[in-house]
Structure formats: C-alpha cells, structure tokens
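Colleague: First, the structure itself, so that you have it in front of you.
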Amino acid sequence: MTAPDLYSLPKAELHLHIEGTLEPDLAFELADRNRITLPFASVDDLAARYDFTDLQSFLNLYYATMDVLRTEDDFAELTRRYLQRATAQGVRHAEIFFDPQAHVARGVPFEAIVDGIGAALADASRDRDVSGGLILCFLRDHPVDGAENVLTAALERVDSLIGVGLDSAEVGYPPSLFTRVFDRARAHGLHAVAHAGEEGPASYISEALDLLRAERIDHGIRAVEDPALIEFLAQEEIALTVCPLSNVRLRAVPDLAAHPLRTLMEAGVRVTVNSDDPAYFGGYIGDNFVAVADALDLTPLEAMRLAQNSVESAFAPLDRKVALLHEIDGWAERAGLPLT
Ligand code: ADE
Ligand code: ZN
C-alpha cells in the first residue's frame with residue numbers, strides 16, 4: 001500500500017503568524033507598491049538571510065520585513081496568498097495570529113489590519129468553505145502598557161477577534177507580566193493562548209496555564225523537561241501547538257529526529273502540528289506533517305490523530321468540528337485506514 005497523502009489530510013492550523021507568511025517575492029511587490037526601499041538587494045538576497053541561530057535572530061528579520069505591510073489591501077493580499085497555500089495543504093480551519101503593536105507603532109490603523117485579514121478569511125469561507133478567526137498577540141518583549149493600549153483599541157472591534165495570545169522574544173519575559181491584560185481580554189469573552197516553552201523554561205508553561213488561563217500552549221516543547229507537567233497537560237487535554245520545522249530552523253531542537261513530538265504524543269498530550277512562520281522556516285503545514293512523519297516514523301494513524309487533535313482543539317463551533325472530524329474519517333476511509 002502506498003503511504004496516504006498527508007497534504008490532503010484535512011486539518012486545522014492553530015499556530016500561524018500571518019506576518020510570517022510574507023514570502024520574499026511578495027515583500028518586494030509590496031515594497032514597490034508602497035514606495036519603500038527594503039534594506040535587501042533582491043528577492044534572492046532576502047531569501048539568503050533566512051538562516052537563523054535562535055528566535056531573536058529570526059525576529060530581527062521578521063520585524064524588519066513586515067515594514068512593507070501598510071494598507072488594508074496589503075494585509076488582505078498577504079492573507080489571501082497564505083490561505084491559497086494552506087488550503088492546498090489540507091487546511092480547513094485557520095486561527096491566524098497577528099502582531100498589531102508592530103504595525104500600529106508604524107502608523108498602520110488597527111482597523112486596516114483586522115479588516116484586511118478578515119476580508120481574505122471571508123472570501124475563503126465563501127469560496128472554499130474554510131473557517132477561521134483572528135488571534136491578537138501581545139508582544140511580550142515590549143512594555144506591558146503597550147499591550148494594555150492595543151487591547152483597549154481592540155475591544156472596539158472585539159467581534160472581529162476570537163482570542164488573544166502572547167509572542168515575541170520569550171526568555172526573560174514571563175507570562176506573569178501579562179496577567180492583568182489577559183484577565184481583561186478573557187472578561188470580554190476572548191479565548192487565551194500563549195507561546196511558552198519554545199526557548200523559555202517549562203515553568204513558563206505552568207505560568208501561562210495558571211495565571212493567563214491559556215487554553216492552548218503555543219510550542220510548549222520544553223514540557224518534556226517536567227514529567228509532572230506532562231501528566232497535567234495530558235490529564236487536562238491541553239493542546240500544544242507544535243511547529244517542527246520552526247523548532248529546527250530556530251535551533252530549539254538539533255534536528256527533526258530529536259524532536260520531542262513523539263515523546264509528548266506517547267505520554268498522552270494533545271499535540272498538534274502547525275507552521276508558525278512558514279515563509280521563513282521552509283514549509284507550510286503539510287510540509288511540517290510530511291517532514292515530522294518521515295523523521296519520527298509516524299504511522300498514518302498517528303498523523304491522523306494529530307489532525308483530529310487540531311480540530312478538537314480549535315475555537316470553532318461544535319457543528320463545524322464534527323463536520324471536519326467527518327472529513328478526516330473520509331480521508332482515512334479513502335486511504336484504506338481503519339476508523340478510530
Ligand atoms: N513571532 C513570530 N514567530 C514567533 C515565534 N516562533 N516565537 C515567538 N514569537 C514569534
Ligand atoms: Zn509562533
């Protein structure tokens with residue numbers, strides 16, 4: 001039997017920074033359109049810089065390049081291109097992170113960001129039955145005041161959002177700093193997620209759960225260092241939105257073969273596979289599934305479990321989740337796999 005195609009496996013993407021889908025060719029297109037001179041000689045010159053030593057070395061380029069995003073149309077075009085690639089790799093539901101502080105500080109109106117991303121999501125929902133939503137991420141390495149202020153602005157448009165998250169440089173910026181901001185966001189009905197345990201210690205994962213009441217943990221791979229935490233994550237069915245190619249490119253793990261994804265799965269943790277910043281890390285979500293399945297010898301049933309986990313952990317209505325789980329069953333049936 002040939003191996004089932006993991007690209008066509010229906011899945012939800014739960015950890016995706018829209019700014020991290022900015023491919024070098026689009027960066028130059030938008031720079032031209034907005035009459036901006038990028039500090040790179042060419043598309044190839046920019047692409048050649050995608051060689052990172054850690055999270056900070058990536059973030060430096062990520063924040064520099066996103067300067068080309070200026071208008072609602074720019075955010076719509078960026079999101080349209082992402083959704084095209086993602087749906088070609090099986091994404092049926094996408095929860096999209098965005099970093100408004102990094103744009104508002106450059107004079108981009110908050111509304112232009114959410115309306116642009118929202119328009120592309122609405123088109124994909126109408127034309128391709130893709131569902132999804134927006135998760136506003138606070139920059140943890142900026143003063144907390146900035147997060148408070150952007151949340152105040154965002155609450156004017158709270159219906160455009162499904163949740164809040166926490167990202168950017170992790171070490172030295174513990175979740176506890178953002179307890180009050182997350183309290184406010186949750187009081188307005190927003191879901192909560194947080195990056196933790198990517199480069200930072202396992203204790204940041206516990207803090208994000210206890211203090212921010214995060215419902216999912218983004219990355220969370222350093223949970224493997226704390227057996228009691230692993231047991232807790234498994235028992236409470238808290239999803240980790242793991243991004244294997246990102247972890248290799250940012251050197252959180254030495255290579256895919258050493259990735260703790262299998263260990264976490266076998267401990268009963270609800271692991272999902274996602275792409276993080278696919279334009280920078282060498283692949284979109286299907287590429288992540290294929291690469292990690294190859295490196296860790298995941299069976300088709302294990303890959304299917306990862307996809308089921310993603311749907312079960314999504315902030316989507318129950319009827320949508322049931323429909324997507326049926327789509328996964330249909331994929332398994334066509335691939336000749338036993339239904340679980
Ligand atoms: N922002 C974009 N990608 C990120 C990552 N992998 N970790 C933290 N912040 C980010
Ligand atoms: Zn991330």
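The values are calculated or read from the model by the stated rules, or taken from the named source; none is laboratory data. Treat the numbers as computed from the prediction; the structure is a model and nothing was measured. Using ideal geometry, Cβ is built from the backbone for each residue, glycine included, and neighbour counts are taken over all protein chains shown. With ligands, DNA and RNA removed, areas are computed over all heavy atoms of the protein, side chains included. Shrake-Rupley method; radii C 1.70, N 1.55, O 1.52, S 1.80 Å.
Colleague: Would you please classify the overall shape of region 183-340 from the alpha carbon gyration tensor, given that a ≥ b ≥ c denote the square roots of the eigenvalues, rounded means a/c under 1.5, and beyond that prolate means a/b larger than b/c while oblate covers the rest?
Modeller: oblate
Colleague: For Arg262, what charge total do you get from the other residues with a beta carbon under 11 Å from its beta carbon, if Lys and Arg give +1 and Asp and Glu give -1?
Modeller: Its environment carries a net charge of -3.
Colleague: Working with all protein chains in place, sort Arg92, Arg216 by solvent-accessible area computed with a 1.4 Å probe, largest first.
Modeller: Putting Arg92, Arg216 in descending order of accessible area: Arg92, Arg216.
Colleague: Helix by helix, which DSSP H runs in the chain go 20 Å or more along their axis at the Cα atoms and have an average Kyte-Doolittle hydropathy of -1.0 or more? Numbers along the way, then the final one.
Modeller: Values: long enough: 72-88 (24 Å, -1.05); 110-128 (27 Å, 0.22); 318-334 (24 Å, -0.45).
Span-like helices in the chain: 110-128, 318-334.
Colleague: Mind listing the long-range amide H neighbours of Phe138? Cut-off is under 5 Å, sequence gap 5 or more, other chains count too, H placed in the peptide plane at 1.01 Å from N.
Modeller: Sorted by chain and number, the residues that satisfy this are Gly165, Leu166, Asp167.
Colleague: Pulled fully out, how much extra length does the chain show between Val144 and Ser8, if you take 0.36 nm times their separation in residues and subtract their Cα-Cα distance?
Modeller: 44.8 nm
Colleague: If each DSSP helix of 4+ residues adds -39,500 (n - 2.57) and the sum is divided by the residues in the chain, what number results at 222 nm, nearest 500 deg cm²/dmol?
Modeller: -14500 deg cm²/dmol
Colleague: At most 14 other C-beta atoms within 10 Å and a DSSP loop state: those are the exposed GluC sites (Glu not before Pro) I care about. Give me the longest piece of the chain that has none. Kindly include the intermediate steps, with their values, before the conclusion.
Modeller: On the way: sites that count: Glu236, Glu237.
The segment 1-235 is the longest one with no such site.
Colleague: Oh, and also: For region 11-334, with every protein chain kept in place, what is the accessible area per residue (1.4 Å probe, Å²)?
Modeller: Each residue of region 11-334 exposes 37 Å² on average to a 1.4 Å probe.
Colleague: Okay, moving on. Taking the Cβ of Leu16 as the center, what net charge do the other residues with Cβ under 9 Å away carry, scoring Lys and Arg +1 and Asp and Glu -1? Write out the running numbers ahead of the final one.
Modeller: Values: positive: none; negative: Glu13, Glu95, Asp276, Asp277.
Computed value for this residue: -4.
Colleague: Against the 2.2 N^0.38 Å scaling, with N counting residues, where does the chain land? I'd like the Cα-based Rg ratio to two decimal places.
Modeller: Here the answer is 0.93, to two decimals.
Colleague: Could you check how much of the accessible area of the chain is carbon and sulfur, as a whole percent, using a 1.4 Å probe?
Modeller: Carbon and sulfur together cover 50 percent of it.
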